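Below is one structure, written out as structure tokens; comments come after it.
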Amino acid sequence: MNTASATDYFIMFNRRSGINSGTVEGGDQVIINSAGGEGNNYAESELLAKLSQSGSYTISNFDGTGFDLTVTVTQINLSGTAYADITVSVEGTASPTTANPTKSPTSSPSSSPSSSPTTASPSVSPSKSPTNTPTLPPPPGTGAETAELDTEYQVPHCINSGTSCSSGNLLLGRATKGPTSAGELNSPNTIDTCDDGNTGSYRSDESLESIFVFSSDDNGIPDGGSLRVGGYATVRASVYAWSDGSNDFADFYYTNDITANPIAWTYLGSAGPGGGGDRDITSPSSFLLESSGTHAVRVRFRYEQTPPGTPNPCSNGGYDEADDLIFPVVSAGSNPNTDSPTTSPSIKPSRSPSRSPVTSEPTSAPSKSPVTDMPSRSPSKEPSRAPSKEVRFC
């Protein structure tokens, strides 16, 4: 990604295969680097992020534009011709730069004010009262959220509400089998300390790599809204399946009370990976978010021993793994980006227009400085040297 400065950003898929099979860092992940030299000369580079599927990285105030740029890995496919799909999105408000004022006003001011106001007659009276609540579309979320480790429950937890919640890289591996000698970070990553099986080896046998929950309609189609009361949510799991995947299954569960003992898990259904290696599995059904607060989903990835459709949120099979993801649900109609509407009009309009304009007669010479952003409470004695200029950003 080229910038106006000497430092540019580079995104690449670090496939661990062939001549690159011996890589020890960031294998089969999306790598983000920054480097100077405009990409044309030798320069020191900096490793910014190593992203697995559903992971994301944000560059704040990208290139001084005022926008935050986020790179999200939507899919990594290692079967056949391997590839990684990413999305690049921006959020924020740019800091506009105003153009230089002209040296002189575009035309001379009129010698006298207009004889009558130009506004149309106001309505006879204001509306009786505003509506109690405005009619809103599904509230926009604040974006894709990535979880942090919850030190109380020892599971990934998205603190802020958004359109989705991802476990990021916190769930890689299973028990003592993982990308490092330590195995899975913070194992077992379950609210109720449901342990994982410890048989087999990493990237050969079963492992649950990440969990992703997103706002959707009741058919599992993303709706772009926040995870909110009255809306639906859907779960997607990224797994590594053994052999051709035909003996592996993912079971999906949900709870709206993580403080209960025991946790009351609602079974959402089971599905297979449809192949071996890295796979994405989506919950067979979406679920209704009926209350605000802190909710959680669980995915149990298992080898055979329980028939599909038999709910069992915690099993002890040697190749099985269960992981949880905590996320917030906001009230219906919540929109952190807007203020609540006022309950009454701020002031009654006049019943008829004023009989004469309120501006005083302008002088023949312009003022010495450009107009300010905000108008004064009374008209200036002299017109500005330059007309105001609207700046728009596309």
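Figures for the structure shown
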read-out: Any hit, the range 258-280, residues being assigned to a strand (DSSP E or B), under 20 Å from residue 146 (Cβ atoms), in contact with a strand residue (DSSP E or B) (Cβ under 8 Å, 6 or more places away or on another chain) and in contact (Cβ under 8 Å) with a residue 24 or more places away in the chain; value: yes
read-out: Test: residue 252 is surrounded by 19 or more Cβ atoms within 10 Å (Cβ to Cβ), farther than 18 Å from residue 77 by Cα, aromatic (Phe, Trp, Tyr) and in the same structural domain as residue 172 (by TED's automatic domain parsing); value: yes
read-out: Condition check for residue 199: over 25 Å from residue 288 (Cβ atoms) and assigned by TED's automatic domain parsing to the domain that holds residue 294; value: yes
read-out: Residue 216 under 26 Å from residue 226 (Cα atoms) and crowded, with 22+ Cβ neighbours inside 10 Å; value: yes
read-out: Wholly enclosed strands (runs of 3 or more DSSP E) of the range 16-94 bearing at least 1 residues aliphatic (A, V, I, L, M) and more than 15 Å from residue 144 (Cβ to Cβ); value: 29-35, 45-51, 67-77, 83-92
read-out: Hey, residue 243 free of Cβ contacts under 8 Å to residues at least 40 places away in the same chain and farther than 17 Å from residue 279 by Cα or not; value: no
read-out: Matching entry among 283, 270, 315, 226 (being in the same structural domain as residue 194 (by TED's automatic domain parsing), under 20 Å from the mean Cα position of the chain (by Cα), hydroxyl-bearing (Ser, Thr, Tyr) and crowded, with 17+ Cβ neighbours inside 10 Å); value: 226
read-out: Residue tally, condition at pLDDT 85 or above and in a loop (DSSP other than H, G, I, E, B), over the range 2-15; value: 2
read-out: Some residue of the range 215-235 being of a type in the set (Lys, Arg), closer than 14 Å to residue 299 by Cα and not in a loop (DSSP other than H, G, I, E, B); value: no
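Residue-by-condition table, conditions (1) without any contact (Cβ under 8 Å) to a residue 60 or more places away in the chain; (2) in contact with a Lys or Arg (Cβ under 6 Å, 6 or more places away or on another chain):
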position: 15; (1), (2): no, no
position: 23; (1), (2): yes, yes
position: 28; (1), (2): no, yes
position: 53; (1), (2): no, no
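The values are calculated or read from the model by the stated rules, or taken from the named source; none is laboratory data. Being a predicted model, the structure only gives us computed values, none of them experimental. Neighbour counts run over all protein chains shown; Cβ positions are idealised from the backbone, glycine included.
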